[in-house]
1. Filter the strands (runs of 3 or more DSSP E) completely within the stretch 130-225 down to those with at least 3 residues that are closer than 13 Å to Gly32 by Cβ.
2. Can you confirm whether the stretch 110-123 contains a residue that is in contact with a Gly (Cβ under 6 Å, 6 or more places away or on another chain) and β-branched (Val, Ile, Thr)?
3. Quick check on the stretch 116-125. Is at least one of its residues out of contact with any Pro (no Cβ under 7 Å at 6 or more places or on another chain), buried (at least 21 other Cβ atoms within 10 Å of the Cβ) and in a loop (DSSP other than H, G, I, E, B)?
4. Taking the stated definitions as given, is Ile131 closer than 22 Å to Leu4 by Cα, of a type outside the set (Lys, Arg) and either touching a Cys at 6+ places or on another chain (Cβ under 7 Å) or at pLDDT 95 or above (or both)?
5. Would you check if Ser223 is in contact (Cβ under 8 Å) with a residue 12 or more places away in the chain and more than 24 Å from Thr21 (Cβ to Cβ)?
6. Going residue by residue through the stretch 130-140, is there one that turns out to be surrounded by 15 or more Cβ atoms within 10 Å (Cβ to Cβ), out of contact with any strand residue (DSSP E or B) (no Cβ under 8 Å at 6 or more places or on another chain), in contact (Cβ under 8 Å) with a residue 12 or more places away in the chain and not small (Gly, Ala, Ser)?
7. Here is a check on your reading of the model: is Thr53 buried (at least 20 other Cβ atoms within 10 Å of the Cβ) and closer than 20 Å to Asp122 by Cα?
8. Cβ-Cβ distance below 9 Å, separation of 6 or more or different chains: which pairs start in the stretch 159-180 with a residue that is among the acidic types (Asp, Glu) and end on one that is in a helix (DSSP H, G or I) and open to solvent by less than 10 Å² (accessible area, probe 1.4 Å)?
Amino acid sequence: MSNLPPLLSTDTIERAKKLNTTLLSDAMGCTGSMDYKIKPVTNTVKVVGTALTVDLRPGDNLFLHQAIHIGEEGYVIVADGKGHTQNAYLGELMAFAAKARGIEGMIIDGLVRDKDVLGQLDFPIFATGFIPNGPLKDGPGQINTLISCGGVSVQPGDLIIGDDDGVVVVPKDQIETALLKAEKKLEYENNRVEVIAKYEESRKAGKIEGSIEPTWLKEKIESFK
C-alpha cells in the first residue's frame with residue numbers, strides 16, 4: 001500500500017508549470033476537467049504534480065490520513081470522496097501535515113472545513129465546499145488505485161494541474177502529446193494577443209490596420225450556408 005507511483009520527470013513538470021488548465025484541456029479536445037464544483041479553497045491555487053490517488057468511503061478519511069503520511073514532494077493527492085456532503089474530509093491539521101510532508105497539493109471530491117485557516121494557507125487544496133462536521137476514521141479505502149474524481153478517471157502517475165479555473169487530469173500515456181499541443185496553443189494565443197493589441201491601437205489612432213478575425217472562422221461559417 002505504501003508503494004508510490006513513479007514521479008513524472010522534472011522536465012515534464014516544469015513544462016506543465018508554464019501552461020494552465022485551459023490549454024491542457026484544449027489540447028485533449030476540451031476534455032479532462034473535473035466537475036466545476038471542485039475549486040481552490042486556499043490562498044495558493046496553482047498546483048502541478050504526479051497523481052497519488054485515494055479511494056475513500058463516503059464521509060471517512062482514514063486512508064486520506066495514510067496518503068498524507070506516505071506522500072512526499074512531487075505528488076498531488078487526488079481523493080475520491082464520492083461527492084459526499086455530510087462530512088468534511090480534512091481540516092487545518094491535515095492540511096498543515098500535508099504541507100509539512102512536501103506534498104504539492106490536494107484535490108478532493110468532497111467537502112473540507114476550517115475555512116478561515118485554509119483560506120490563508122500557502123498550500124493548494126481543491127474541494128467542493130465547506131461543512132463543520134468532521135469525518136469518520138474507520139475505513140475501508142484504497143491508495144494507488146484507479147479512481148473517479150469529479151467525474152474524471154484518475155490513475156496513479158497521471159499529470160494533475162489545478163488553477164483558478166479548476167482541475168485537469170492528463171492521463172500518463174497522453175502527457176507528451178498533450179504538452180506539445182498545449183505549448184503550440186500557447187504560442188498561437190500569445191501571437192493572437194499581439195495581433196489584437198496592434199489592431200486596437202490602430203483603431204484608437206483612427207486608422208484600422210489588418211484584421212483580427214480568426215483564420216478558421218470564415219470556413220466554419222461557410223459550412224452552414
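The values are calculated or read from the model by the stated rules, or taken from the named source; none is laboratory data. No experiment lies behind these values; they were computed from the predicted model shown. Note that each Cβ is placed from the backbone with ideal geometry, even for glycine, and that neighbours are counted across all protein chains shown. Ligands, DNA and RNA are excluded from the accessible area calculation, which covers all protein heavy atoms including side chains. Shrake-Rupley method; radii C 1.70, N 1.55, O 1.52, S 1.80 Å.
1. Filter on the stretch 130-225 gives 152-154, 159-163, 166-170.
2. Looking only at the stretch 110-123, we keep the residues that are in contact with a Gly (Cβ under 6 Å, 6 or more places away or on another chain), and these are 110-111, 113-114.
This time we only want the ones that are β-branched (Val, Ile, Thr), so: none.
For the stretch 110-123, residues in contact with a Gly (Cβ under 6 Å, 6 or more places away or on another chain) and β-branched (Val, Ile, Thr): absent.
3. No - not one qualifying residue is present in the stretch 116-125.
4. Details: closer than 22 Å to Leu4 by Cα: no; of a type outside the set (Lys, Arg): yes; either touching a Cys at 6+ places or on another chain (Cβ under 7 Å) or at pLDDT 95 or above (or both): yes.
So Ile131 fails the test.
5. Details: in contact (Cβ under 8 Å) with a residue 12 or more places away in the chain: no; more than 24 Å from Thr21 (Cβ to Cβ): yes.
Judged against the criteria, Ser223 is not a match.
6. no
7. Working: buried (at least 20 other Cβ atoms within 10 Å of the Cβ): yes; closer than 20 Å to Asp122 by Cα: no.
So Thr53 fails the test.
8. Every condition considered, the pairs that remain are Asp163/Thr21; Asp164/Thr21; Asp165/Thr21.
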